[in-house]
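Notes follow once the structure below has been shown.
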C-alpha cells in the first residue's frame, strides 16, 4: 500500500525549532519529488516547500525562506522539514505529499504543530 | 489574499451540476497545469483533477476540469452528499517560484 506517515508535530514556544519527518512506503521514494503543505487553523492549504529526487533542487514559499529547510534520505525513504525561528503564524497541520509534475497525488494524514507560549 | 481566486462557497441539491471557478494570472494558470483537491476536515486532502482535466485514480467521472487562459473550473455533475467538502485549485507560479493554492471553496449539498 502506498503510504506517507508524518511525525514530529508538537507544542513549541515562539522562536523554537522543530523537525518533522515523513516516512514513505509502497513506492520507490527516490523516483519522486516530494513536498510539504500546511493548513493553518480555519484557513486554506498553503504549499510550503518541495525537493527534487536527488535533494539538490529545493523550493520554498517566501514566508519560510531562511527559517525552514526541506531534506530527504532516500536510503531511509524519509522526508524531513527542519523548522527554526517558529512563530504563531506557523501553527498548522503539516502534510507531506508526493509530487508528480506538480500534482500532489499521495498525502499523509498530517501532523499538528502549535507555536505558543 | 490567495494568488488564485476561488469563490468561498458553492452549493447545490442532490443530482444537480455545480461548477467552481479558479482565477489566476499569466504567471500561474496562464502557463501551467491546474490541479484540484478535495479536502474533508480531519482527513488527508485528495487529488481529484490533474493537468487541467485528467481525473485522478478512483475519481468518478462526475468530476471534470477545464482551463481557458488564466482561469480554470471544476464541475461536479449528479451531485451527491458525499461530495460535500472543501475544494482547492493549485498551480505552479513562475513569479513566486512555488506552488500556489486557491483560497478554497466550501461545497454544501443541500
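The set of residues in the stretch A:22-45 that are crowded, with 17+ Cβ neighbours inside 10 Å and in a strand (DSSP E or B) comprises A:22, A:24, A:33, A:34, A:35, A:36, A:37, A:38, A:39, A:45.
Those residues that are within 14 Å of chain B (Cβ to nearest Cβ), assigned to a loop (DSSP other than H, G, I, E, B) and surrounded by fewer than 18 Cβ atoms within 10 Å (Cβ to Cβ), I need them from the stretch A:79-117; list them, please. Talk me through it step by step, then tell me what you get.
The initial filter retains those residues of the stretch A:79-117 that are within 14 Å of chain B (Cβ to nearest Cβ), namely A:92-112.
Within this subset, residues satisfying the condition of being assigned to a loop (DSSP other than H, G, I, E, B) are A:101-102, A:108-110.
If the condition is that a residue be within 14 Å of chain B (Cβ to nearest Cβ), assigned to a loop (DSSP other than H, G, I, E, B) and surrounded by fewer than 18 Cβ atoms within 10 Å (Cβ to Cβ), then A:101, A:109 are the ones that fit.
Does the stretch B:60-67 contain any residue that is within 13 Å of chain A (Cβ to nearest Cβ) and either surrounded by fewer than 17 Cβ atoms within 10 Å (Cβ to Cβ) or modelled with pLDDT under 95 (or both)? No, that holds for no residue. Filtered by the rule that a residue be within 8 Å of the chain's Cα centre (by Cα) and either at pLDDT below 95 or away from chain A (no Cβ under 12 Å) (or both), the stretch B:20-39 gives B:20, B:21, B:22. Summed over the stretch B:33-44, the residues that are in a loop (DSSP other than H, G, I, E, B) and surrounded by 23 or more Cβ atoms within 10 Å (Cβ to Cβ) give a count of 1.
Take the conditions (1) over 15 Å from residue A:4 (Cα atoms); (2) part of a strand (DSSP E or B); (3) more than 10 Å from chain B (Cβ to nearest Cβ); residue A:59 misses just one of them, which is (3). Tallying residues that are within 8 Å of chain A (Cβ to nearest Cβ), over 19 Å from residue B:31 (Cβ atoms) and either in contact with a helix residue (DSSP H, G or I) (Cβ under 8 Å, 6 or more places away or on another chain) or without any contact (Cβ under 8 Å) to a residue 60 or more places away in the chain (or both) within the stretch B:68-110 yields 1. Counting residues in the stretch B:9-32 that are closer than 16 Å to residue A:99 by Cβ, touching a strand residue (DSSP E or B) at 6+ places or on another chain (Cβ under 9 Å) and part of a loop (DSSP other than H, G, I, E, B) gives one or more. Taking residue A:78, is it in contact (Cβ under 8 Å) with a residue 12 or more places away in the chain and farther than 18 Å from residue A:106 by Cβ? Taking the combined requirement at face value, the residue does not satisfy it.
Conditions (1) within 30 Å of residue B:107 (Cα to Cα); (2) touching a residue at least 40 places away in the same chain (Cβ under 8 Å), marked per residue:
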residue	(1), (2)
A:23	no, yes
A:54	no, no
A:73	no, no
A:85	no, yes
A:101	yes, no
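The values are calculated or read from the model by the stated rules, or taken from the named source; none is laboratory data. Since we're looking at a predicted model, the values are computed, not measured. Using ideal geometry, Cβ is built from the backbone for each residue, glycine included, and neighbour counts are taken over all protein chains shown.
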